[in-house]
Amino acid sequence: QRIAAEISRMQAEERLFEREKGQFRPRRINDGDFLILVQRRGRVFHEVIRACKAAGLAVAGADRVRLNEAMAVKDILALLSFLDTPEDDLSLAAALRSPLFGWSEQELWRLARWRPKGRYLWTVLRERRDDHPETMAILEDLMREADYRRPYDLLDRLLLRHDGRRRLLARLGPEAEDGIDELLSQAMRYEQLEAPSLPGFLNWFAAAKVQIKGVMDSGAG
């Protein structure tokens, strides 16, 4: 928060001088004049990005991140894990709370609160399908397709037919696009190496430990 506050202060109070036609002229400091260096990409690294966004600064985001740690990818993988194992309550809860479905904490709590002991979250959701028609339409469509569609086709259906890409970018920002595109690339790569299946892709991807490197556009400011 102090880093974000200092950047905002410098923009408001200070000027940079640039040579123009043999003279130095002052100009405003903009977001693109700053580069934040860290020793490691740990928790503080992500908190700095979060604080800058909260302060209204235009942040390019992480220059490098493990693909399975990118927020959009984690949300998609949670949904895929549920489709593979409908008894996986945690993955279903994570998917519902993600931008893909946009449930609030209160909505999820109401669904889970009164379920009888031993009942799966998916079972309760199906019993209350009339309360969540849009969610059920997406989940049931993807579950029907999961058994015979290739992982890439399933991802494409989620991101386009069910508006997943737009929902993720609206909540997480344009930097989430790199992770989404790389996940699609990995799904295509997997299908060239293995007989495609959803559980096979999830296991293969978990072991892959792919990193994505952000491309910084010099003209974007």
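Structure notes:
- Some residue of segment 50-70 being modelled with pLDDT of 85 or more, within 30 Å of residue 149 (Cα to Cα) and out of contact with any Gly (no Cβ under 6 Å at 6 or more places or on another chain): no
- Candidate set: segment 114-164, residues that are closer than 30 Å to residue 185 by Cβ and part of a loop (DSSP other than H, G, I, E, B); chosen: the one least open to solvent (accessible area, probe 1.4 Å): 162
- Top-ranked residue of segment 1-39 - restricted to ones that are farther than 16 Å from residue 58 by Cα and part of a helix (DSSP H, G or I), ranked as farthest from the chain's Cα centre (by Cα): 13
- Annotation note: of 40, 66, the sole residue that is in contact with a strand residue (DSSP E or B) (Cβ under 6 Å, 6 or more places away or on another chain) and surrounded by fewer than 17 Cβ atoms within 10 Å (Cβ to Cβ) is 66.
- Restricting segment 45-54 to residues that are of a type outside the set (Phe, Trp, Tyr) and either over 20 Å from residue 172 (Cβ atoms) or open to solvent by less than 50 Å² (accessible area, probe 1.4 Å) (or both), the residue that is nearest to the chain's Cα centre (by Cα): 49
- Within segment 54-88, being in contact (Cβ under 8 Å) with a residue 60 or more places away in the chain, part of a helix (DSSP H, G or I) and not small (Gly, Ala, Ser) holds for 67, 68, 71, 73, 75, 76, 77, 79, 80, 83, 84.
- Index of the failed condition, residue 15 passing every other in (1) open to solvent by less than 90 Å² (accessible area, probe 1.4 Å); (2) basic (Lys, Arg); (3) touching a Pro at 6+ places or on another chain (Cβ under 9 Å): (1)
- Unmet criterion (only one of (1) without any contact (Cβ under 8 Å) to a residue 40 or more places away in the chain; (2) part of a helix (DSSP H, G or I); (3) surrounded by fewer than 14 Cβ atoms within 10 Å (Cβ to Cβ)) for residue 91: (3)
- Checked against the criterion of being within 30 Å of residue 206 (Cα to Cα) and acidic (Asp, Glu), segment 2-16 contains not a single residue that satisfies it.
The values are calculated or read from the model by the stated rules, or taken from the named source; none is laboratory data. Computed from a predicted structure; not experimentally measured. When we count neighbours, we look across all protein chains shown, and the Cβ atoms used for this are built from the backbone with ideal geometry, even at glycine. The protein model used for the area step is the full one, side chains on, heavy atoms only, and it has no ligands, DNA or RNA in it. Shrake-Rupley method; radii C 1.70, N 1.55, O 1.52, S 1.80 Å.
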